[in-house]
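Chemist: One structure, pasted below without further comment.
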Amino acid sequence: MTEKECLMLQGFTAEEADRLRNAEKNGKRQFPKTALYKFAGNAVCVACFERITEQILDDMDGLNKQAREIKRNTLDAWMGGE
């Protein structure tokens, strides 16, 4: 797999992966291929994190109304307010 494909599997867009691959500093490639593979390998896939978080919160049954509101606000805060 190419470094671009690995980054995209981790949730990077094609444009983000291309920007990383093409980044230059002083006329030289800023990130060698090995660094890009490390970026992909050390990344946390946002979609997986969201799903796991949702499942954990869904499993917290029996919460009263106030606790449920806190649960929603917590998820929103973890997801960057989206």
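The values are calculated or read from the model by the stated rules, or taken from the named source; none is laboratory data. Only a predicted model underlies this, so the values are computations on that prediction, with no experimental measurement involved. Methodologically, a virtual Cβ is constructed for each residue, glycine included, from the backbone with ideal geometry; neighbour enumeration extends over all protein chains shown. Heavy atoms of the whole protein, side chains included, go into the accessibility calculation; ligands, DNA and RNA do not. Shrake-Rupley method; radii C 1.70, N 1.55, O 1.52, S 1.80 Å.
Chemist: Output the number of residues of the range 1-28 satisfying the condition of being over 15 Å from C45 (Cα atoms) and among the hydroxyl-bearing types (S, T, Y).
Modeler: 1
Chemist: May I pose another question? Applying the selection to the range 4-36, what residues are open to solvent by less than 100 Å² (accessible area, probe 1.4 Å), of a type in the set (S, T, N, Q) and not in a helix (DSSP H, G or I)?
Modeler: Those that are open to solvent by less than 100 Å² (accessible area, probe 1.4 Å), of a type in the set (S, T, N, Q) and not in a helix (DSSP H, G or I): Q10, T13, Q30.
Chemist: Conditions: (1) open to solvent by 100 Å² or more (accessible area, probe 1.4 Å); (2) in a helix (DSSP H, G or I); (3) modelled with pLDDT of 90 or more. M1 meets all but one. Number of the miss?
Modeler: (2) is the only condition that M1 fails.
Chemist: List, please: which pairs have Cβ atoms under 9 Å, are six or more places apart or on different chains, and start with a residue in the range 37-53 that is within 24 Å of R21 (Cβ to Cβ) and outside any helix (DSSP H, G or I) and end with one that is of a type in the set (G, A, S) and at pLDDT below 90?
Modeler: Here the result reads A43/G11; V44/G11; C45/G11, each pair linking the range 37-53 to a residue that is of a type in the set (G, A, S) and at pLDDT below 90.
Chemist: Can you find, within the range 59-82, the residue that is modelled with the lowest pLDDT among those that are touching a helix residue (DSSP H, G or I) at 6+ places or on another chain (Cβ under 9 Å) and assigned to a helix (DSSP H, G or I)?
Modeler: K71
Chemist: While we're looking at this one, here's another question. Using beta carbons and a limit of 6 Å, which pairs, at least six apart or on different chains, have the first residue in the range 1-26 and closer than 10 Å to F39 by Cβ and in contact (Cβ under 8 Å) with a residue 24 or more places away in the chain and the second one of a type in the set (G, A, S) and open to solvent by less than 60 Å² (accessible area, probe 1.4 Å)?
Modeler: These pairs meet every condition: C6/A40; L7/A17; L7/A40; Q10/A40; Q10/A43.
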